[in-house]
Amino acid sequence: MAVLTQEITTKRTFDRSTYEPGEDFHEILDDLERRGELIIQRVPEPYIEVMTKYGRTKKIPLQNTWHHKSCGQCGHIPGYSTAIFWIGRKLGLNYIDPTDQTSCTAWNYYASATSNAAAQAAVAHRNFAAAYETGYYPIIHCGTSYGHYKETREEIMHHEHLRHQVRDVLAKLGKPLVMPEEIVHYSEWIYAMKEMIAEKQVRDFSDIRVTVHPACHYYKLVEEDAIYDEDIYGGQRTAIVTGLISALGAQPIDYSTWYDCCGFGFRHILVSRDFTRSFATQRKIEIMKEEADPDVVISHDTGCVTTLDKSQFATGVAHGANVGIPVMSDAQFAALAMGAHPYKVCQLHWHSTDYRPLLEKMGIDHEKAWAEFEEDLERLKSGEIEYLTWEDVG
Amino acid sequence: MGLFADKYPEVPYEEKLRLWEEVKADERFPDYLYGCYECGICVAACPSARFYDFSPRKIAQAAAREDVELIFEQMNDDVWNCSQCFSCNRCPRQNSPGGLITILREVAVNNGLKSAQQALEGYSRIVYKIMGTGTQVSPDMLQPDAFPDWGPQVKQVSDELDLWRRALPPETLHTTKTGWQVDDKTLIELYLIWYNTGVMDMIANVDEGLNLILSDVMEEMLEDAGYEIDF
């Protein structure tokens, strides 16, 4: 159950209906392991158990985690990844940031279809095997990687021919077919640790109004093991992100188009951005403005944060759309609550929509913070230091 | 014949049927289609249906009826409008129109349909980036002429790119040409996956030039690592 320090503002009522849980994938995986078809990498202790859509529990590991990074986060919003690592370090949790990791390649697959089920599953399981070899447990930063890996898990479980094809490809790489006991998204890790994060909170967020955009590929692709909580929207909507916002004492505000996607579209964000901009503005940002008037939009996936943030400039300037809500990830929001530097850690200068009014409301002197960051940039320029390190950012 | 006029009379019905059989032969197909109530819940949830002449219900309907002509038309047009968000998965019959579209697109690419080649024009550099480097987008893609609609901040990122990347505490993120630092050994394993699963053949079917460039890059690295390229 969630510890709600802040009530959710909504006009709707929610009753949790009786869901019919389908097959439990754990049982299928256990059976496949018994038959020697694959190896299950077990969730290491200590872990926290959370509730999923159909009332089952999911184990979320705390440490000895292998962080499967995200293309868009690392490439275009690097404060997202940095904040995830920073939170783990602040909580004293051991982890690996691997270089033996590729993209899941699903962004490209959903955009162009220039791949196939066997290749996609082989890429997934190459990464899983790489994590297994280290003894650390994979934790997935990208919502699309998370959803796609759950799709490939379904295919590996249910299609013997595909499973054996992937196993043969992996054998050529000298790797076994390994399946994690749970496929864990980083936002689940943050959700599971929300009380630990709240204990380290140093900034008061009680005046901060928040709208949440839950990522489609988090809870619409293989929905059964996304996190739900009866105390959050009656268990009728995924509790991810909203649970964290509430635990940090900020104000989650409901809006009517919460289920809509952001408009990312995979190929559209790259080659048909008129669709992306229109959808993000008209179906998400403007409606949030009208119905919730939030100080910030919080999401938990690469594409959503990118789309909702980057789409506001052109529609605001060219069409006078009612935009102007800063966008960031739950990790950056939580890191700021814990006292993270807005530029050295959260790297907000990579974001497009003006976030400075939000920082002011959070009690952060953004001019002073930028001056501090510029001092670091001068040290980098002068050659005094080659890189900014974890020790430099506090 | 299906209910709709044949928009591609130059393509023999047998060819359209062959492509449809390829769709149905995909192992995932039975998981994505169970029938259709025509309730329209998928359409109500679909972002693409709001901005394009596109309907996930029609995708499921055409597949359920095995309307070969309409499916061929969709394979050449509608499928590229889908956002692949899978909001349509809330179907009460457990259909996944988005999943059907994944297969339809894949068959279109696999068979080198001209419409697929056109849909992917301008997208080659992304395919090159993901298949060649193991990361989908890189910091150096953030150029003001490529993303003028993202605001003036893109130019600032572009101007300061190397400096700002060095100002990132995670050691793996100091890269500008890839999202993060990827080991050569890891890339070699990725290339072996592409070759061993037929993806390089798919690329050749849809973009021969891209296939040649990718092959050059991959084969040189694989040969240096002691692999013989004979797939």
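The values are calculated or read from the model by the stated rules, or taken from the named source; none is laboratory data. Note that this is a predicted model, so its numbers are computed, not measured. With ideal geometry, Cβ positions are generated from the backbone for all residues, glycine too; neighbour counts draw on all protein chains shown.
With respect to the stated conditions, residue B:165 is part of a helix (DSSP H, G or I) and touching a His at 6+ places or on another chain (Cβ under 7 Å).
Restricting attention to segment A:198-213, the residues that are under 18 Å from the mean Cα position of the chain (by Cα) and surrounded by fewer than 24 Cβ atoms within 10 Å (Cβ to Cβ) total 0. Residue A:155 - would you say it is more than 20 Å from residue A:100 (Cα to Cα), assigned by TED's automatic domain parsing to the domain that holds residue A:52 and surrounded by fewer than 23 Cβ atoms within 10 Å (Cβ to Cβ)? The answer is yes for residue A:155.
For segment A:300-312, state whether one or more residues are over 18 Å from the mean Cα position of the chain (by Cα), modelled with pLDDT of 95 or more, among the hydroxyl-bearing types (Ser, Thr, Tyr) and at negative phi. Within segment A:300-312, one or more residues are over 18 Å from the mean Cα position of the chain (by Cα), modelled with pLDDT of 95 or more, among the hydroxyl-bearing types (Ser, Thr, Tyr) and at negative phi. Contact map, segment A:159-178: first residue assigned by TED's automatic domain parsing to the domain that holds residue A:128, second residue among the acidic types (Asp, Glu), Cβ cut-off under 6 Å, separation 6 or more or different chains; pairs are A:159/B:27; A:162/A:155; A:162/B:27; A:173/B:189. Taking the criterion of being surrounded by fewer than 17 Cβ atoms within 10 Å (Cβ to Cβ) and either basic (Lys, Arg) or at the interface with another protein chain (Cβ under 9 Å from one of its Cβ atoms) (or both), the residues of segment B:161-173 that qualify are B:163, B:171. Filter segment B:141-160 down to the residues that are part of a helix (DSSP H, G or I) and surrounded by fewer than 16 Cβ atoms within 10 Å (Cβ to Cβ), then identify the one that is farthest from the other protein chains (Cβ to nearest Cβ). For segment B:141-160, the residue satisfying everything is B:159.
Quick grid of which residues meet (1) within 25 Å of residue B:149 (Cβ to Cβ); (2) more than 14 Å from every other protein chain (Cβ to nearest Cβ):
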site	(1), (2)
A:328	yes, yes
A:336	no, yes
A:341	no, no
A:345	no, no
A:349	yes, no
A:358	yes, yes
A:372	no, no
A:386	no, no
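For the residues B:88, B:82, the requirement of being surrounded by 24 or more Cβ atoms within 10 Å (Cβ to Cβ) and either more than 9 Å from every other protein chain (Cβ to nearest Cβ) or within 18 Å of residue A:271 (Cβ to Cβ) (or both) singles out B:82.
Test of understanding: among A:243, A:234, A:249, A:263, which residue is within 14 Å of chain B (Cβ to nearest Cβ) and not hydrophobic (A, V, I, L, M, F, W, C)? On inspection, the qualifying residue turns out to be A:263.
Considering only residues in segment B:116-140 that are surrounded by fewer than 16 Cβ atoms within 10 Å (Cβ to Cβ) and of a type outside the set (D, E, K, R), the one that is nearest to residue A:352 (Cα to Cα) turns out to be B:122. Quick one: is residue A:91 in contact (Cβ under 8 Å) with a residue 40 or more places away in the chain, among the aliphatic types (A, V, I, L, M) and either in contact with a strand residue (DSSP E or B) (Cβ under 9 Å, 6 or more places away or on another chain) or surrounded by fewer than 13 Cβ atoms within 10 Å (Cβ to Cβ) (or both)? Against the criterion (in contact (Cβ under 8 Å) with a residue 40 or more places away in the chain, among the aliphatic types (A, V, I, L, M) and either in contact with a strand residue (DSSP E or B) (Cβ under 9 Å, 6 or more places away or on another chain) or surrounded by fewer than 13 Cβ atoms within 10 Å (Cβ to Cβ) (or both)), residue A:91 does not qualify. Annotation: residue A:311 fulfils all but one of (1) hydroxyl-bearing (Ser, Thr, Tyr); (2) in contact (Cβ under 8 Å) with a residue 40 or more places away in the chain; (3) within 10 Å of another protein chain (Cβ to nearest Cβ); (4) out of contact with any helix residue (DSSP H, G or I) (no Cβ under 6 Å at 6 or more places or on another chain); the unmet one is (4). Could we say that residue B:58 is away from chain A (no Cβ under 14 Å), charged (D, E, K, R), in a loop (DSSP other than H, G, I, E, B) and more than 20 Å from the chain's Cα centre (by Cα) here? So residue B:58 does not fit the description; no. For segment B:174-231, residues that are of a type in the set (Ser, Thr, Tyr), within 8 Å of chain A (Cβ to nearest Cβ) and part of a helix (DSSP H, G or I) total 1. When residue B:183 is tested against (1) of a type in the set (D, E, K, R); (2) within 29 Å of residue A:382 (Cβ to Cβ); (3) surrounded by fewer than 16 Cβ atoms within 10 Å (Cβ to Cβ), just one condition goes unmet, and that condition is (2). Among the residues of segment A:355-394, those identified as outside any helix (DSSP H, G or I) and assigned by TED's automatic domain parsing to the domain that holds residue A:335 are A:355, A:362, A:363, A:364, A:365.
Set side by side, the residues A:114, A:134, A:99 differ, and just one is surrounded by fewer than 24 Cβ atoms within 10 Å (Cβ to Cβ) and without any contact (Cβ under 8 Å) to a residue 40 or more places away in the chain, which is A:99.
Among residues of segment B:146-182 being of a type in the set (D, E, K, R) and under 24 Å from the mean Cα position of the chain (by Cα), the one that is nearest to residue A:385 (Cα to Cα) is B:177.
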